[in-house]
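Trainee: Take this structure first; my questions come after.
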Amino acid sequence: MIGVNSGLVTLLKKHLQEKNINAEDLMQFHCIIHQEALCSKKIEFQNVIKVVVSTVNFIKSRGLNHRQFKQFLDDIESEHGDLLYYAEVRWLSRGLTLERFLNLIEEIGIFLAEKQRDVPELKNPDWLCDLAFLVDITNHLNVLNTRLQGKNQLISQLYAHVSSFQCKLTLFRSQSNSGNYNHFPNYKKMAGKFNKTAINFSYVEI
């Protein structure tokens, strides 16, 4: 897009110069989706991510554990048949992994107990609420990401998507301060279970 020799911006500048049009005022920006991905990394939930990654790797990276876990899920007729690997570079995949982990949280706890592997976070109300909130906010970001990747969009449309999302964050913060978690269904369910209060939106200054 912005390559020095053959990027779109370079070619456009050359074309304008050939037409004797001043190209000095041409503004250029990095890919808006890339910027959104960078912003998403400002969500401070490494305490959640590290536990999810290590637990998924413990189950899926060891052949016997993985087979036993899948058989366990099959035996109890679980809605989900397996966990998903966490991919740092793929935002949508990352969101699906977190959501699947949350959906199987009870089964994971039982399986780890049988393996005598202690993961205290899985019993910690604060950590579980952080996980649930991370799943919800990731889902919202996935919607934004999908809209930004739509074909044949003008920059004004992309800007509108981002501006709309920023307005949503403001609304979400306002609603959560008054105890309304309707846009965060997973957090709402988990918070109700442990009688938790407001979401800490300082995690999400994006």
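Bear in mind these aren't lab numbers, they're just calculated from the coordinates by the rules spelled out. Values in this document were obtained by computation on a predicted structure and should not be read as measured data. Backbone-built Cβ (ideal geometry, glycine too); neighbour counts: all protein chains shown.
Trainee: Classify region 81-181 as rounded, prolate or oblate from the Cα gyration tensor: take a ≥ b ≥ c as the square roots of its eigenvalues, call it rounded if a/c is under 1.5, otherwise prolate when a/b beats b/c and oblate if not.
Mentor: Oblate, because a/c is 1.5 or more while a/b does not exceed b/c.
Trainee: Within 10 Å, count the other beta carbons around each residue, average over each peptide in 74-81, 58-65, and list them highest first.
Mentor: Those peptides, ordered most packed to least, come out 58-65, 74-81.
Trainee: Using the structure shown, list the pairs from LYS70/LYS188; LYS70/LYS151; LYS70/LYS189 with a Cα-Cα distance above 32 Å, or answer none.
Mentor: Too far apart for the 32 Å limit: LYS70/LYS151.
Trainee: With θ set to phi - 60° and the Karplus curve 6.51 cos²θ - 1.76 cosθ + 1.60, what are the ³J(HN,Hα) couplings of region 170-176 in order, to the nearest whole Hz, using x for Gly and Pro?
Mentor: Using θ = phi - 60°, the values come out as 4, 5, 4, 5, 5, 5, 5 Hz.
Trainee: What lysines could a cross-link reach from LYS50, if we take a straight Cα to Cα line under 16 Å and drop same-chain neighbours fewer than 8 places away?
Mentor: The qualifying lysines are LYS41, LYS42, LYS60, LYS123.
Trainee: Another question about this same structure. Using a 10 Å cut-off on Cβ atoms, rank the peptides 144-155, 124-135, 184-195 from the highest mean neighbour count down.
Mentor: By packing density, highest mean first, the sequence is 124-135, 184-195, 144-155.
Trainee: Now, a different point. Would you kindly derive the ³J(HN,Hα) couplings of region 75-80 from the backbone phi angles with the Karplus curve 6.51 cos²θ - 1.76 cosθ + 1.60 (θ = phi - 60°), listing them in order in whole Hz, with x for Gly and Pro?
Mentor: Karplus values, whole Hz, x for Gly and Pro: 5, 8, 6, 5, 4, 10.
Trainee: Once phi is turned into ³J(HN,Hα) by the Karplus curve 6.51 cos²θ - 1.76 cosθ + 1.60 with θ = phi - 60°, what whole-Hz value does each residue of region 97-103 show in order, with x for glycine and proline?
Mentor: Ordered by residue, 3J(HN,Hα) equals 4, 5, 5, 5, 4, 5, 5 Hz.
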